[in-house]
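A short worksheet on the structure shown next.
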Amino acid sequence: MTSNSEARQVIYPPPPPGDIEDIPTNIDEILLRFAVKYYEGLGLTLESRMMQGVQIRDEASRIITLNTSYPNPSPFKRVAAFTIAFSRQAPLAQTLRGANGGIPSQILDIPNHQNIMLAVVLSMLALHGAEIEHPDRGILTLENRIKMSRHFLTDLVHIISCDRSASGTGERFHWLSLTYEGLAYKCNRGVEDPV
């Protein structure tokens, strides 16, 4: 039996990894395979087969370059840039309407929700097991998966969808990076910097 707080958590399992030899190295194929598994997990069939992986990667790289001077940006900055780039490139035209799996109806009314949802889920999965280089404490690993409530997810998708233009990218990049960082630390106590 689950508690009320567990019932409100939105946890999307990662797709089966398959054999190690079967993992593609082409970014379009990686994104496409994940998108297909994600849609299948929601009881949908992905119709589009164009992922724009190179454009997403290049835009994420530009976002990081424009907004940080760190030679090795944190995983939080990397996934924030990826989320913004993926939602902007919007490779998925097919919405998540008709999905099973409890996606809040408010999310389905948000323009571009399918791209934002996939980017957030991929980012959450990328942070699971990510390593953070701490100057005083060495390498710290995010061992626990990120969890968030449906309400939080709905608000996050809505905020990300508000502006897909280049203006405001810096602000959105930094708040999204901090949001991912806060969520990761909430689920991985002891990794955050002591107060």
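Derivation of every value follows stated rules applied to the coordinates shown; laboratory data play no part. Predicted model only: the values in this text are computed from it and were never measured. Methodologically, a virtual Cβ is constructed for each residue, glycine included, from the backbone with ideal geometry; neighbour enumeration extends over all protein chains shown.
Residue 145 versus (1) over 15 Å from the mean Cα position of the chain (by Cα); (2) assigned to a loop (DSSP other than H, G, I, E, B): which is the lone unmet condition?
The failed condition is (1).
Is at least one residue of the range 89-100 under 17 Å from the mean Cα position of the chain (by Cα) and either under 18 Å from residue 178 (Cα atoms) or in a helix (DSSP H, G or I) (or both)?
The answer is yes; a qualifying residue exists.
Would you check if residue 141 is polar (S, T, N, Q), farther than 27 Å from residue 36 by Cα and in contact (Cβ under 8 Å) with a residue 60 or more places away in the chain?
Values: polar (S, T, N, Q): yes; farther than 27 Å from residue 36 by Cα: yes; in contact (Cβ under 8 Å) with a residue 60 or more places away in the chain: no.
Here the answer is no, as residue 141 does not meet what is asked.
With the checklist (1) within 25 Å of residue 97 (Cα to Cα); (2) in a loop (DSSP other than H, G, I, E, B) in hand, flag the one item residue 70 doesn't pass.
With respect to (1) within 25 Å of residue 97 (Cα to Cα); (2) in a loop (DSSP other than H, G, I, E, B), residue 70 is out only on (1).
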